[in-house]
Amino acid sequence: MILHTINKTSAHEGLNQQLSDVIDTNDSVILIENGVYQAQQLSQHSSKHWSNTAKHIYILKEDALARGIALDTSKLSYINYAEFVELSLLHEKVTSWY
Amino acid sequence: MHILLVQQSAPYGSSHAKEALDIALTAATFEQDISILFTGDACYQLMSNQFPEHIDQKNISHMLKALPIYGLEEVLVDEDSLNSRGIVNLTDSPVLKKITKSDIKKIYQSADTVIRL
């Protein structure tokens with residue numbers, strides 16, 4: 001059970017592909033920093049994309065608001081920094097994709 | 001002597017966007033003929049409703065609005081990059097113009113200098 005953080009946009013295809021290759025159905029993903037831009041494209045991906053494997057997808061509220069990402073995407077849970085810390089403790093490990 | 005400045009980076013994850021804007025403003029201040037083209041992830045700089053005070057940054061889209069004051073009248077954005085990213089709401093700018101792939105080729109070919117950041 002891994003918590004993955006990703007801080008890059010979907011234009012970083014290699015990075016997103018690597019995450020898709022290793023992610024398990026028990027894992028969750030948090031979109032942080034420039035990763036929050038991916039919120040706008042989550043419905044466009046193939047079944048093998050990490051967004052269709054992850055148990056939950058979270059997005060850091062502060063980073064989304066800063067970049068003009070509307071807080072209304074149904075696939076995502078919006079979290080603050082305290083909840084980020086809590087999630088990192090609830091998972092066996094945290095892996096950063098950057 | 002026409003300079004084309006091509007921006008490719010999102011606004012806040014790195015200092016690239018800010019530095020590219022500094023180059024544009026410096027060139028325009030010294031009365032150089034300069035155009036800016038936003039392509040790829042740089043299109044995210046143009047989104048409306050940015051509130052970067054949440055991450056202690058300045059709003060780059062406000063600075064973009066000031067470009068005409070410095071005599072920078074040609075601000076272009078790659079339409080394909082906007083569409084592939086699902087960007088619909090752009091910040092208001094009197095000079096921002098959407099262009100296609102074939103226009104981009106022409107602009108690259110006609111510029112005297114191209115700076116890509």
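With viscosity set to 1.306 mPa s and temperature to 10 °C, compute the Stokes-Einstein D of chain B, Rh being the Kirkwood radius across alpha carbon pairs; µm²/s, no decimals.
Taking Rh from Cα pairs, D becomes 111 µm²/s.
What fraction of the Cα pairs in the protein assembly as shown, stated in percent, has a spacing above 31 angstrom?
Roughly 26 percent, once rounded to a whole number.
Let me know the mean shielding of B:49-61 by other chains, meaning the per-residue number of their Cβ atoms within 10 Å of its Cβ.
4
Greater than 25 Å separation of Cα atoms is the criterion. Which listed pairs, A:48/B:105; B:18/B:97; A:75/B:58, meet it?
The answer is A:48/B:105; A:75/B:58.
Would you tally the net charge around residue B:69, using a Cβ to Cβ cut-off of less than 15 Å, leaving residue B:69 out, and scoring K and R as +1, D and E as -1?
Computed value for this residue: -3.
List the residues whose amide H sits under 5 Å from the amide H of residue B:6, counting only those 5 or more places along or on another chain, with H placed 1.01 Å from N in the peptide plane.
B:37, B:115, B:116, B:117
Expressed as a rounded percentage, what relative contact order does chain A have, with Cα pairs under 8 Å and six or more residues apart? Don't skip to the answer; put the middle values down first.
Numbers: 173 pairs, mean separation 36.7, N = 98.
Once normalised by length, the contact order is 37 percent.
Less than 13 Å Cβ to Cβ from residue A:20, Lys/Arg counted +1 and Asp/Glu -1: what total charge do the surrounding residues give?
-3
Per residue of A:51-63, how many C-beta atoms from partner chains lie within 10 Å of its own C-beta, taken as a mean?
For this peptide, the per-residue mean of nearby foreign Cβ atoms is 1.
Would you mind giving the mean number of other chain beta-carbons within 10 Å of the Cβ of each residue in B:9-17, as a whole number?
Mean number of neighbouring Cβ atoms from other chains: 4.
Counting each DSSP H run of 4 or more residues in chain B as -39500 (n - 2.57), what helix-only mean residue ellipticity at 222 nm follows after dividing by all residues, to the nearest 500 deg cm²/dmol?
Helices in chain B give a 222 nm mean residue ellipticity of -8500 deg cm²/dmol.
Is region B:25-78 rounded, prolate or oblate when judged by the Cα gyration tensor, a ≥ b ≥ c being the square roots of its eigenvalues, rounded requiring a/c under 1.5 and prolate requiring a/b larger than b/c?
oblate
In Å, what is the Rg of the alpha-carbon atoms in chain A, and how long is Dmax?
Cα only, chain A: 12.1, 32 Å (Rg, Dmax).
Under 8 Å for C-alpha pairs, at least 6 residues apart: give me the relative contact order for region B:2-116, rounded to a whole percent. Provide the component values of the computation, followed by the final result.
On the way: 181 pairs, mean separation 39.2, N = 115.
In percent, rounded to a whole number, it is 34.
The numbers here are math on the coordinates, done by the rules we state, and not lab data. As the structure is a computational prediction, the values presented were derived from the model and not from experiment. Quick reminder, even Gly has a Cβ in these numbers, built from the backbone with ideal geometry, and neighbours come from all protein chains shown.
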